[in-house]
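K.L.:
The structure follows.
The values are calculated or read from the model by the stated rules, or taken from the named source; none is laboratory data. In this text, all values refer to a predicted model and were calculated from it rather than measured experimentally. Reconstructed Cβ throughout: ideal geometry from the backbone, glycine too, with neighbour counts over all protein chains shown. For the accessible areas, the whole protein counts, side chains as well, though only heavy atoms, and no ligand, DNA or RNA atoms are used. Shrake-Rupley method; radii C 1.70, N 1.55, O 1.52, S 1.80 Å.
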Amino acid sequence: MKAILIYLLIMNAAGFLVMTADKLFAKSGAFRVSENKLLGIAAIGGSIGVWLAMYTVRHKTKHAKFVIGVPLILALQIALLTWLLLR
């Protein structure tokens, strides 16, 4: 259980940092992180970090793929974690 929590903490920190970095990249016209990579980070455990960054730095908040997709991924992850813990 401790390992899972450490993993989720790392992934959410990474999700927040990558999403925030992509916002800065977008402003400066530099290299961008693909939407698939951002959603991939959310899917492998960083959904809370990605979601927090979306609204903290106002990035991807007009894209339905993110506005609907990230909370949906988070809900599925919560359901999976709950199922695993209660088995």
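K.L.:
Please count how many residues of region 47-87 are within 11 Å of the chain's Cα centre (by Cα) and closer than 13 Å to D22 by Cβ.
P.N.:
Summing the residues that are within 11 Å of the chain's Cα centre (by Cα) and closer than 13 Å to D22 by Cβ in region 47-87 gives 5.
K.L.:
Scan region 73-87 for residues that are open to solvent by 100 Å² or more (accessible area, probe 1.4 Å) and in a helix (DSSP H, G or I) and jot them down. Explain how you work it out, then say what you get.
P.N.:
So the first thing to find is which residues in region 73-87 are open to solvent by 100 Å² or more (accessible area, probe 1.4 Å), and the list is 76, 83, 86-87.
Across region 73-87, the qualifying residues are L76, W83, L86.
K.L.:
Give region 35-55 a look and list any residue that's open to solvent by 90 Å² or more (accessible area, probe 1.4 Å) and either aromatic (F, W, Y) or farther than 17 Å from L81 by Cβ (or both), or say none.
P.N.:
Here is the first cut: in region 35-55, the residues open to solvent by 90 Å² or more (accessible area, probe 1.4 Å) are 36-37, 44, 51, 55.
The answer is N36, K37, W51, Y55.
K.L.:
Next up: Working only within region 25-46, note down all residues that are part of a helix (DSSP H, G or I) and free of Cβ contacts under 8 Å to residues at least 12 places away in the same chain.
P.N.:
Pass one, region 25-46, residues part of a helix (DSSP H, G or I): 25-28, 35-46.
Scanning region 25-46 gives F25, K27, S28, N36, G40.
K.L.:
Do we find that R32 is in contact with a helix residue (DSSP H, G or I) (Cβ under 6 Å, 6 or more places away or on another chain), open to solvent by 80 Å² or more (accessible area, probe 1.4 Å) and more than 22 Å from L5 (Cβ to Cβ) in this structure?
P.N.:
yes
K.L.:
Exactly one condition in (1) at pLDDT below 95; (2) touching a Ser or Thr at 6+ places or on another chain (Cβ under 7 Å); (3) not basic (K, R) is not met by I73; state its number.
P.N.:
Of everything listed in (1) at pLDDT below 95; (2) touching a Ser or Thr at 6+ places or on another chain (Cβ under 7 Å); (3) not basic (K, R), I73 misses just condition (1).
K.L.:
Also: If a residue has to be among the charged types (D, E, K, R) and in contact (Cβ under 8 Å) with a residue 40 or more places away in the chain to count, how many in region 47-87 make the cut? Lay out the reasoning, then the answer.
P.N.:
Initially, region 47-87 is screened for residues among the charged types (D, E, K, R), giving 58, 60, 62, 65, 87.
Within this subset, residues satisfying the condition of being in contact (Cβ under 8 Å) with a residue 40 or more places away in the chain are 60.
Selection size over region 47-87: 1.
K.L.:
How do the pairs read when you match residues in region 1-24 that are under 20 Å from E35 (Cα atoms) with residues anywhere that are part of a helix (DSSP H, G or I) and open to solvent by 40 Å² or more (accessible area, probe 1.4 Å), using Cβ under 6 Å and keeping only pairs 6 or more apart or on different chains?
P.N.:
Pairs that qualify, where the first residue is under 20 Å from E35 (Cα atoms) and the partner is part of a helix (DSSP H, G or I) and open to solvent by 40 Å² or more (accessible area, probe 1.4 Å), are N12/I48; F16/L52.
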